[in-house]
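Working notes for the structure below.
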Amino acid sequence: MVAVPGVDVERYPLDSPGGERWGEVVGAARAALAADGCCVLRGFIRPELLSTLRSEGEALAPQAYYTVENVNAYNIPLDAELPDDHPARIVLRRGNAFVARDLIPADALIHRLYVDERFQRFVADCFGLPELHEYTDPFAGLCLNVVAPGMSHPWHFDTNEFTVSMLTQEPESGGVFEYCPNIRSRTAENFADVNAVLTGDGERFIRRLELRPGDLQLFQGRFSLHRVAPVGGTVQRHSAIFAYSDTPGLIGTAERTRQLFGRVSPDHVAVGEVRGDSLLD
């Protein structure tokens, strides 16, 4: 049997789907997700491959689409007609960058893991889903998130209900992952609470998580406001984003794709993205 790319199968038995140990790991992940929408599987990648993760990310990072722009937590136009006290009126500075999937070699460790059916089944089980589908989106299915020193990925909500990511290079300082578990729901935006966080009065909602390279993070970012705090020192923060959906055929909107990657494909123009709820973004 072909080995699961890079995974420490002694701790995380992706090579034995449905086994007793598999059930234990999945059960613990589900419990963590139910508790606060976040689960970290420490040391998911074998230690001897951490240098591979780092070097591959360093080679890819220069191909990221770098731009600094003003955004809001909902990634909607800043000139949208909204009440004066609406949290979307708070302007944030976004300075992170993304390397799109079509620039990531098929033999890269993160790509081989992304397309591995055993990894997909494991992630689906952890989220309690019958199956997962890779994004049809040619750019956003798998990408490398790059946060340079002095930059951050400001407060935002994800467009997908669940997110799978892995730190591949940690910065010298800063770059802490901060999140507000379930600050909104499928039916309630809870603007007052979001506004409190964005204006510095919401410490009670915030949890902080220091990730290490090779840790796999499972996160329900559709309902949890989150950010990567400003990076310090001289080393970039790199993380791989493994994007899946519980329904096939997901493609991002042309506007959002251009914002993140600086370009669009004909698929983005023709199809657009379908949402499973009526939340602002």
Longest principal axis of the chain (C-alpha) makes with the long axis of helix 50-60 (C-alpha) an angle, in degrees to the nearest 10, of 50 degrees
Find, among the GluC sites (Glu not before Pro) in the stretch 175-248, those assigned to loop by DSSP (not H, G, I, E, B) with at most 13 other beta-carbon atoms within 10 angstrom.
Glu210
For the chain, modelled as a Gaussian network with Cα springs under 10 Å, which listed residue fluctuates most, Gln259, Gln236, Gln220?
Gln259
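Can you pull out the chymotrypsin sites (Phe, Trp or Tyr not before Pro) in the stretch 49-118 whose DSSP state is coil and whose Cβ has at most 13 other Cβ atoms within 10 Å?
none
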Would the stretch 2-146 count as rounded, prolate or oblate if I go by the C-alpha gyration tensor, calling it rounded below 1.5 in a/c and otherwise prolate when a/b exceeds b/c, oblate otherwise?
oblate
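Need one number: the % of Cα-Cα pairs in the stretch 164-231 sitting beyond the 18 Å mark. Numbers along the way, then the final one.
Details: 934 of 2278 pairs.
Everything past 18 Å amounts to 41 percent.
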When a/c reaches 1.5 or more, the comparison of a/b and b/c decides; with that in mind, is the stretch 61-110 rounded, prolate or oblate per its Cα gyration tensor?
prolate
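Which shape class applies to the stretch 1-79: rounded if a/c is under 1.5, otherwise prolate when a/b exceeds b/c and oblate if not, where a ≥ b ≥ c are the square roots of the Cα gyration tensor eigenvalues?
Since a/c reaches 1.5 but b/c is at least a/b, the shape of the stretch 1-79 is classed as oblate.
Only Cα pairs under 8 Å and at least 6 apart count here; give the relative contact order of the stretch 1-136 as a rounded whole percent.
Result for the stretch 1-136 is 28 percent.
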For the stretch 21-67, compute the orientation-averaged projected area of the C-alpha convex hull (one quarter of its surface), in nm².
5.4 nm²
If each Cα of the chain is one equal point scatterer, what is log10 of I(q)/I(0) from the Debye formula at q = 0.06, 0.10, 0.15 Å⁻¹?
-0.17, -0.50, -1.22
What whole-number distance in Å separates the alpha-carbon centres of the stretch 39-54 and the stretch 62-88?
33 Å
Debye, to nearest 20: dipole size of the chain, +1 on Lys, Arg Cβ, -1 on Asp, Glu Cβ
340 debye
Evaluate 2.2 N^0.38 Å with N set to the residue count of the stretch 171-281, then give the Cα radius of gyration divided by it.
1.25
Size of the dipole of the stretch 60-168 about the Cα centre, Lys and Arg at +1 and Asp and Glu at -1 on the beta carbon, nothing else charged, in debye to 20?
400 debye
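If you keep only loop residues by DSSP, which trypsin sites (Lys or Arg not before Pro) in the stretch 180-248 have at most 11 other Cβ atoms within 10 Å of their Cβ?
Working: sites: Arg184, Arg186, Arg204, Arg207, Arg208, Arg222, Arg227, Arg237; in loops: Arg184, Arg186, Arg222.
Hits after loop and neighbour filter: Arg186.
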How high is the relative contact order of the chain, in percent, counting Cα pairs under 8 Å that sit 6 or more residues apart?
25 percent
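Coordinate-derived values only; no laboratory data. Since this is a predicted model, take the numbers as computed values, not measurements. Cβ sites come from the backbone with ideal geometry, for glycine too, and all protein chains shown count toward neighbours.
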